[in-house]
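Notes for the one structure printed next.
The values are calculated or read from the model by the stated rules, or taken from the named source; none is laboratory data. Everything numeric in this text was worked out from a predicted model, so none of it was measured. Cβ atoms come from the backbone with ideal geometry, glycine included; neighbour counts cover every protein chain shown. Accessible surface areas use protein heavy atoms only, side chains included; no ligands, DNA or RNA. Shrake-Rupley method; radii C 1.70, N 1.55, O 1.52, S 1.80 Å.
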Amino acid sequence: MAAMKKDFGAFELHEKIGSGGMASVYLGVQKSLDRRVVLKVLYPHLAEDEKLVQRFEREARAAAMLRHENIVQVIDCGRFEDVSYIAMEFVEGLDLKKWMEQYGPPPLEVALVLIRDLAHGLEHAHQHRIVHRDIKPANVMFTPDGALKIMDFGLARRGEDTTAVTVVGSVMGTPAYMSPEQATGEAVDERSDIFSAGVVAYELLGGTRPFQGDSYSTVLRSILTMEPRPLSSFNPLVPEEVVTIVQKMLQKDVSRRYARIGLLRSDIETAMEQLGMTRSRDLMREYAQNPVEVGERLKKKRLARHLDQGLYFENMGLSKIDDALLEFQRVVYLDPDNK
């Protein structure tokens, strides 16, 4: 079948790659520069709502102000034959949702860099007073170069006035990452993004989401009322400091969360230093290009370290028995058949 090529003003539309609550998503080409782009084209039935169109464009313009290595760049927005669109840079790679479906949760070291880079990108947006409002793995790209890039800035906002036009399925997909204040329809600020990033962090580190449920309402009830199980019960490798950081991100009471994402980033960086992580750029590139092999290599290194630590504590006698047990628990987590 020949690839679709449709003239769309300054762009050429190629295949459709998705659809969200407000727009269809296409791969395309910007003719003047002959470069690949991703185009979000507002659904025709929404185009009649002038207020909604204006907000779509206003937020696209705000998002275009953001220039950061951890954010997908908005390059243009406008209307072609009365159809509103937003054009964004095309980014190679997989989103984190697809990545985890394919390769499982990343090794601890990689997960920490992803959380730090997510915080970095959000920090830049928050400094420009832009709240993302829909942080979830499907909105975060992981490139073959090992870079993390947040998508859909300023497009994610679905305010009270447009709830009616939002297709049920598109809201359905993301309640698991909503902050409590978002779930109850209250005003949200950057701390809402911190909560959603906390859900992503929990999933990256623990391999499971903190708030589960088989329907929209059970997930929301879980977000509003349930305390998630401690991360260490899913993954004993996660250091205590990191467990505490994620817990703080996931506080239901806004005032008990991190007030600013920069504070969170700095805590994650401290935890990375304590783990002796210095060459994160190289690690991410290697992992992105060969996740299975790099994952195994990191696992072997960790296994040897926890085994040595465990034996060391064991030899120190009763006063260190809990430390020894934790190290051996980590060994068994990494290698269930270890003798």
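Points worth noting:
- Residue pairs meeting the criteria (Cβ under 8 Å; at least 6 apart or on separate chains; first more than 12 Å from Met284 (Cβ to Cβ), in region 96-109; second open to solvent by 30 Å² or more (accessible area, probe 1.4 Å) and among the basic types (Lys, Arg)): Lys97/Lys136
- Lone unmet requirement of (1) free of Cβ contacts under 8 Å to residues at least 60 places away in the same chain; (2) more than 25 Å from His120 (Cα to Cα); (3) in contact with a Leu (Cβ under 9 Å, 6 or more places away or on another chain); (4) not acidic (Asp, Glu) for Gln73: (2)
- Failed condition for Leu334, given (1) open to solvent by 80 Å² or more (accessible area, probe 1.4 Å); (2) under 31 Å from the mean Cα position of the chain (by Cα); (3) not β-branched (Val, Ile, Thr): (1)
- Hey, Gly317 buried (at least 18 other Cβ atoms within 10 Å of the Cβ) and of a type outside the set (Ser, Thr, Tyr) or not: no
- Restricting attention to region 197-210 and to residues that are assigned to a loop (DSSP other than H, G, I, E, B) and over 16 Å from Asp134 (Cα atoms), the residue that is least open to solvent (accessible area, probe 1.4 Å) turns out to be Pro210.
- Listed by first and then second residue, the pairs linking a residue in region 54-66 that is open to solvent by less than 20 Å² (accessible area, probe 1.4 Å) to a residue that is at pLDDT 85 or above and in a helix (DSSP H, G or I), with Cβ atoms under 6 Å apart and 6 or more places separating them unless they lie on different chains, are Leu66/Ala125.
- Residue within region 252-266 that is more than 30 Å from Thr225 (Cα to Cα) and at pLDDT 95 or above present: no
- Residue tally, condition at pLDDT below 90, surrounded by 17 or more Cβ atoms within 10 Å (Cβ to Cβ) and of a type in the set (A, V, I, L, M, F, W, C), over region 1-33: 2
- Residue match in region 71-83 (condition: of a type outside the set (D, E, K, R), open to solvent by 90 Å² or more (accessible area, probe 1.4 Å) and touching a strand residue (DSSP E or B) at 6+ places or on another chain (Cβ under 9 Å)): no
- Ile115 being open to solvent by less than 30 Å² (accessible area, probe 1.4 Å) and outside any helix (DSSP H, G or I): no
- When we screen Gln251, Gln289 for residues that are out of contact with any Phe, Trp or Tyr (no Cβ under 7 Å at 6 or more places or on another chain), open to solvent by 60 Å² or more (accessible area, probe 1.4 Å) and at negative phi, the only hit is Gln289.
- Residue satisfying all of: in region 212-228; polar (S, T, N, Q) and assigned to a helix (DSSP H, G or I); nearest to Pro107 (Cα to Cα) among these: Ser222
- Number of the condition not met by Leu46 [criteria: (1) open to solvent by less than 20 Å² (accessible area, probe 1.4 Å); (2) under 27 Å from the mean Cα position of the chain (by Cα)]: (2)
- Test result for Ala87, within 30 Å of Arg265 (Cα to Cα), in contact with a strand residue (DSSP E or B) (Cβ under 6 Å, 6 or more places away or on another chain) and crowded, with 21+ Cβ neighbours inside 10 Å: yes
- Enumeration of residues in region 229-243 that are open to solvent by less than 70 Å² (accessible area, probe 1.4 Å) and either farther than 25 Å from Leu275 by Cα or in a helix (DSSP H, G or I) (or both): Leu231, Ser232, Ser233, Val242, Val243
- All positions within region 149-187 that are under 22 Å from Met65 (Cβ atoms), open to solvent by 40 Å² or more (accessible area, probe 1.4 Å) and modelled with pLDDT under 90: Arg157, Arg158
- Residue count, region 295-311 (criterion: over 18 Å from Leu275 (Cβ atoms) and of a type outside the set (A, V, I, L, M)): 1
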